[in-house]
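The values are calculated or read from the model by the stated rules, or taken from the named source; none is laboratory data. Keep in mind that what you see is a predicted model, and the values were worked out from it rather than measured. Neighbour counts are summed over all protein chains in view; Cβ atoms, including those assigned to glycine, are modelled from backbone coordinates with ideal geometry. Heavy atoms of the whole protein, side chains included, go into the accessibility calculation; ligands, DNA and RNA do not. Shrake-Rupley method; radii C 1.70, N 1.55, O 1.52, S 1.80 Å.
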Amino acid sequence: MVDLESEVPPLPPRYRFRDLLLGDQGWQNDDRVQVEFYMNENTFKERLKLFFIKNQRSSLRIRLFNFSLKLLSCLLYIIRVLLENPSQGNEWSHIFWVNRSLPLWGLQVSVALISLFETLLLGYLSYKGNIWEQILRIPFILEIINAVPFIVSIFWPSLRNLFVPVFLNCWLAKHALENMINDLHRAIQRTQSAMFNQVLILISTLLCLIFTCICGIQHLERIGKKLNLFDSLYFCIVTFSTVGFGDVTPETWSSKLFVVAMICVALVVLPIQFEQLAYLWMERQKSGGNYSRHRAQTEKHVVLCVSSLKIDLLMDFLNEFYAHPRLQDYYVVILCPTEMDVQVRRVLQIPMWSQRVIYLQGSALKDQDLLRAKMDDAEACFILSSRCEVDRTSSDHQTILRAWAVKDFAPNCPLYVQILKPENKFHIKFADHVVCEEEFKYAMLALNCICPATSTLITLLVHTSRGQEGQQSPEQWQKMYGRCSGNEVYHIVLEESTFFAEYEGKSFTYASFHAHKKFGVCLIGVRREDNKNILLNPGPRYIMNSTDICFYINITKEENSAFKNQDQQRKNNVSRSFYHGPSRLPVHSIIASMGTVAIDLQDTSCRSASGPTLSLPAEGSKEVRRPSIAPVLEVADTSSIQTCDLLSDQSEDETTPDEEISSNLEYAKGYPPYSPYIGSSPTFCHLLHEKVPFCCLRLDKSCQHNYYEDAKAYGFKNKLIIVAAETAGNGLYNFIVPLRAYYRPKKELNPIVLLLDNPPDMHFLDAICWFPMVYYMVGSIDNLDDLLRCGVTFAANMVVVDKESTMSAEEDYMADAKTIVNVQTLFRLFSSLSIITELTHPANMRFMQFRAKDCYSLALSKLEKKERERGSNLAFMFRLPFAAGRVFSISMLDTLLYQSFVKDYMISITRLLLGLDTTPGSGFLCSMKITEDDLWIRTYARLYQKLCSSTGDVPIGIYRTESQKLTTSESQISISVEEWEDTKDSKEPGHHRSNHRNSTSSDQSDHPLLRRKSMQWARRLSRKGPKHSGKTAEKITQQRLNLYRRSERQELAELVKNRMKHLGLSTVGYDEMNDHQSTLSYILINPSPDTRLELNDVVYLIRPDPLAYLPNSEPSRKNSICNATGQDSREETQL
């Protein structure tokens, strides 16, 4: 067999690698042929076509020359008419022959020659095989009529005075103008405005009709009245305007026939033009037109990019954006790919918005639409995701593409982007501000379980309000709650501040306490001039610098505040000093409340227990607590600062070794070794030494490691936190992290049970298997058996997350229907269960824990409507579930993104409060409860001092719960809401004034009664309702209703108990008659210093970072997590 390799000839030298790089001279002798391309464009005809037609700029010049030539011919015709002397007589020869001077004839002949030559040349270049198509065109016929007679007169001199209808060249000028505008748009590469073209065509058509009629009437009346051009113009205007005075009329039949023909042409042509113009106008109204370049350069504007614009989203954006005074002169340009719906159109027609809001229909992915919105000149671009879509990942992908397109088109335009899924956040890291919906949602739901109503606290802080909500209500709690809701976060440089300038060189806690005592402002954080990180309550070790930026909570910013002298305020408050009874003064202007705080900082001796002071009565062997409060030092001695909670919170280090071993809390502190998505902030947490096997994470299934099949069998010491969600998304990771943060005491860690409709993937289980007491169960809140297995009967909180699959509802607001009904079922079956619900639409919060015949709920509904009529942005705030923090909507956090345009620090502060970000030295949000042993502190200002002087904590608000223990007849009043407006009470103002202090008094008993004001309000609302024959009949009716309700309760309780017995569960923990529905809770953000503390008040605290008081080596003393096992997985999540 012949060797194949030997038969292959060697490669020529020119194909070697060295020759390919250095070149080879041998190839030059090869038989190669040079080929030229596009030879068809080198012909004479193609070159002419390129110059006259294809080239944009040259063709534009040709069109402009042709247009000028036609106008010149019309001008020469007018000059000929003006120079002609009208001859006497009515001979028809005057129609066919005119007097034309020789120079004028020469000019007209020259124009005719040039026009005819250009027409023939363009006809030749555009010829496509059909000569009749070129000849029968109207512009060509008009050109032949106006040019050929002049050319013939060159060779036949007797025809020099022949009449030629040169005025018809106006129609050729109109045609040239249309072509010129088209070439102009192509040449400057601008989007062609169909509306501008159509208006131009309409105007030019009307002018051509009038000019043709003027010249035709004037020429035909040469044998009649011999009208001049002005009389002909007057006649045409009067005729076309349908006025018809009759003072000027045509006499000859030819002129009359011409007028009839022109009117017929006008009746046919003009309506067509108007119809096209109206159609384009309607289309422009839908698309929105353009935002002018002149306005963009002289005025400021922002662009809002959305997939679909809903009325709720639009009003939330406009109300929050224009709530700031310096944004009143801004324009808002909305860029949306869908057509404007009826509700949005109706709102944008309101004069308040029509002058400042411009709607453009277009896509952010098209440069033409971005150019229409003048994105390169915009002050900011807001890109919002469509949360109403079933596939939220697809919605995020659209948002990412929009952000990329805007950044590519306008690199210097600040971007404010809203994203839904946390795993998509790293795609838009270049954006200036990003809000991830699921991160914030789950973090707020988690904090709601340990700090009640955190969602309400954050929502009120990020909404712009003046604190005027509820001020017209007779309810004192609504006045206080509404007034305190006006508090927001502001910033100011310390050396420029009246609030904080005097505290330069002093500790942060000293500045915070004394600023609150003196001005009523709450200093919560600072930022160094040379540092971008914000520190919330850095603690007493932090010394204030003159260039520090201070962040504080107040009704308004310092620049809008007025300051009064202390002597004047003391005179105004003299009358208050004579009242010594236990009272809680109403919330008023914080600036006006300066000087009303009376705290003895000097007297530290023990006072008599019988006096109305801070001391506590001695009972048996209980030690008497010192009634004094230590002063807050200017430069605190940090060695005496306690890092534990005030009063009763004990650190886990204080437990004995035996207790620690018996409690089996062998946890480590460290960073989670595995993150489910890229971009999650590392948080120091309680972790297990070894990760739990995946089989042990399943709560309701036994495995080889344990035999438990329900939550009761585990024997948890703390109550459960159950989360009902559709899928285990990556955002759910942010629910677990705040509940396992290192600063949470080990003994207070609640077991977490994830009740999921769909099984989680291994990627998610890898992330949660390192956290202690975290389990999952596949089930649904629709199934009572699943709820009982996961331990709902002894759960502390039940968190219900809105499901994505419900977004496919035909009606937008029906997306929450399933969630609301399921929560209502839980509310009826387990009345003592604390349920925290997330909804899509804030308007649906009124259906939570719905009671159709409850008078108080109906009264609150009426109050909400009245607040909305007054223009409030927080009309829903008085709903009891929202005020108590049991329900919130993530769409309410959209204002956080809008507010960051003015306050660029709001997103960072919110993330620090929620625990999404951790900065070394920055504090965290927690809470403490006021017990009977703490009532000696009496006021909020004294509590502020106590916290700052002992633990360094900074209080920011109070969560207050009041009882609603109404009698049966009072709680079941049937009211007529329609008649509430007509209900008047002449004695009501004086009655409220006399009972004001009693209604706000502090009741220190174990079971305080509801204030009588609520019952009086309900009675006043129902005063015109149907009256019964007597009190006896009313009592009988209420007893029957009470019997019905009791039997319904018992029936539901029996149902639950039977299912528990069927599943083999103990019914001991189920208390069917325990009802917490008779309470109302609300939040007081930064209350006035003289606000009295009440029993069971929960105080929100910003606690300093415990690691800030430890040496540098201390943070690692408990970090015994096995770094060897977690190092690899930690590196896998890094980009």
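In the set (1) open to solvent by 10 Å² or more (accessible area, probe 1.4 Å); (2) in contact with a strand residue (DSSP E or B) (Cβ under 7 Å, 6 or more places away or on another chain); (3) of a type in the set (A, V, I, L, M, F, W, C); (4) more than 24 Å from Asp1105 (Cα to Cα), Phe684 fails one condition alone, (4).
Every residue, every condition in (1) open to solvent by 30 Å² or more (accessible area, probe 1.4 Å); (2) within 30 Å of Glu804 (Cβ to Cβ); (3) without any contact (Cβ under 8 Å) to a residue 60 or more places away in the chain, yes or no:
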{"position": "Leu314", "(1), (2), (3)": "no, yes, yes"}
{"position": "Leu318", "(1), (2), (3)": "no, yes, yes"}
{"position": "His324", "(1), (2), (3)": "no, no, no"}
{"position": "Asp329", "(1), (2), (3)": "yes, no, yes"}
{"position": "Asp369", "(1), (2), (3)": "no, yes, yes"}
{"position": "Ala373", "(1), (2), (3)": "no, no, no"}
{"position": "Cys388", "(1), (2), (3)": "yes, yes, no"}
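Quick check on Leu739: is it surrounded by 19 or more Cβ atoms within 10 Å (Cβ to Cβ), in contact with a Phe, Trp or Tyr (Cβ under 8 Å, 6 or more places away or on another chain) and in contact (Cβ under 8 Å) with a residue 12 or more places away in the chain? So Leu739 fails the test. All conditions but one from (1) aliphatic (A, V, I, L, M); (2) at pLDDT below 90; (3) out of contact with any helix residue (DSSP H, G or I) (no Cβ under 7 Å at 6 or more places or on another chain); (4) open to solvent by less than 30 Å² (accessible area, probe 1.4 Å) apply to Val302; the one that does not is (2).
So if I check each of Asp329, Asp312, which one is modelled with pLDDT under 90, part of a helix (DSSP H, G or I) and under 25 Å from His463 (Cβ atoms)? Exactly one of Asp329, Asp312 is modelled with pLDDT under 90, part of a helix (DSSP H, G or I) and under 25 Å from His463 (Cβ atoms), namely Asp312.
Within the stretch 730-758, the set of residues being over 30 Å from the mean Cα position of the chain (by Cα) and farther than 18 Å from Leu699 by Cβ comprises Tyr742, Tyr743, Arg744, Pro745, Lys746, Lys747, Glu748. Quick one: is Gln824 over 19 Å from Arg868 (Cβ atoms) and in a loop (DSSP other than H, G, I, E, B)? For Gln824, the condition - over 19 Å from Arg868 (Cβ atoms) and in a loop (DSSP other than H, G, I, E, B) - is not met.
Would you please name the residue that is nearest to Val306 (Cα to Cα), looking only at residues in the stretch 393-407 that are open to solvent by 10 Å² or more (accessible area, probe 1.4 Å) and charged (D, E, K, R)? Here the answer is Arg402. The residues in the stretch 332-356 that are in a helix (DSSP H, G or I) and either on the phi > 0 side of the Ramachandran plot or open to solvent by 30 Å² or more (accessible area, probe 1.4 Å) (or both) can be counted, and the count is 7. For the stretch 357-388, taking the residues that are part of a loop (DSSP other than H, G, I, E, B) and of a type in the set (Lys, Arg), the one that is farthest from the chain's Cα centre (by Cα) is identified as Lys366.
A quick yes/no check of all residues on (1) assigned to a helix (DSSP H, G or I); (2) surrounded by 16 or more Cβ atoms within 10 Å (Cβ to Cβ); (3) aromatic (Phe, Trp, Tyr):
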| site | (1), (2), (3) |
| --- | --- |
| Leu122 | yes, yes, no |
| Ile144 | yes, no, no |
| Val164 | no, yes, no |
| Leu168 | yes, yes, no |
| Met180 | yes, yes, no |
| Ile201 | yes, yes, no |
| Ile210 | yes, yes, no |
| Glu221 | yes, yes, no |
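Taking the condition open to solvent by 100 Å² or more (accessible area, probe 1.4 Å) and at pLDDT 85 or above, does Leu76 pass? The answer is no for Leu76. Being open to solvent by 50 Å² or more (accessible area, probe 1.4 Å), not hydrophobic (A, V, I, L, M, F, W, C) and not in a strand (DSSP E or B) is the requirement here; does Ser702 meet it? The answer is yes for Ser702. Among the residues of the stretch 856-904, the ones that are open to solvent by less than 20 Å² (accessible area, probe 1.4 Å), touching an Asp or Glu at 6+ places or on another chain (Cβ under 7 Å) and assigned to a loop (DSSP other than H, G, I, E, B) come to 1 in all.
Here Val342 clears all of (1) more than 26 Å from Cys413 (Cβ to Cβ); (2) in contact with a helix residue (DSSP H, G or I) (Cβ under 7 Å, 6 or more places away or on another chain) except the condition numbered (2). Only residues that are over 21 Å from Asn533 (Cβ atoms) and either out of contact with any strand residue (DSSP E or B) (no Cβ under 9 Å at 6 or more places or on another chain) or part of a loop (DSSP other than H, G, I, E, B) (or both) were counted across the stretch 905-934, and they come to 4. For the stretch 247-262, a tally of residues being among the β-branched types (Val, Ile, Thr), modelled with pLDDT of 80 or more and within 22 Å of Asn228 (Cβ to Cβ) returns 2. For the stretch 769-805: of the residues being touching a Leu at 6+ places or on another chain (Cβ under 7 Å) and assigned to a helix (DSSP H, G or I), which is most open to solvent (accessible area, probe 1.4 Å)? The qualifying residue most open to solvent (accessible area, probe 1.4 Å) is Arg789. Scanning the stretch 100-143 for residues that are over 22 Å from Val81 (Cα atoms) and among the hydrophobic types (A, V, I, L, M, F, W, C) yields a count of 14.
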